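In what follows, a single structure is set out as structure tokens and then discussed.
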Amino acid sequence: MKNDWVQVYSVSSRLEAESICILLQSFGIHAEILQESVAATLGLTVGPLAKINIIVNRNQAKDAREILKSMDKGDLVEKPGEKSNQ
């Protein structure tokens, strides 16, 4: 991992990792997926090699962590009856 990139989240599913990267990018944060190549090659889904890390530039890590914390709390989900700002 480059010195200017830090891990902000870990998941075990490639689809979940892609979704989180898209979420962060929608907030203007450049996010990348970091996964052991052997895990992807062998299709590993459990254990330390299967872990998929989301990394962002160090100067965007605080914002990324706040967004991910809101995601985990369910604050980014539109609730029934709420109108979006779009």
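List, in order, the whole-Hz ³J(HN,Hα) value for each residue of the range 57-74 obtained from phi through the Karplus relation with A = 6.51, B = -1.76, C = 1.60 and θ = phi - 60°; use x for Gly and Pro.
Karplus-based 3J(HN,Hα) across the range 57-74 equals 5, 3, 6, 10, 4, 4, 4, 4, 5, 5, 5, 5, 5, 4, 4, 4, 7, x Hz.
Going by amide H atoms built from the backbone, whose H comes under 5 Å of the H on W5, apart from near neighbours?
The answer is R58.
Can you tell me the length gained on complete extension of the stretch S19 to N3, counting 0.36 nm per residue apart and subtracting the Cα distance?
Working: separation 16, 0.36 × 16 = 5.76 nm, distance 2.44 nm.
Once the chain is fully extended between S19 and N3, it gains 3.3 nm.
In nm, what is the difference between 0.36 nm times the number of residues separating R65 and L34 and their Cα-Cα distance?
Values: separation 31, 0.36 × 31 = 11.16 nm, distance 1.67 nm.
Between R65 and L34, full extension yields an extra 9.5 nm.
Coordinate-derived values only; no laboratory data. This one's a predicted model, so the numbers in the text were calculated from it and none came from an experiment.
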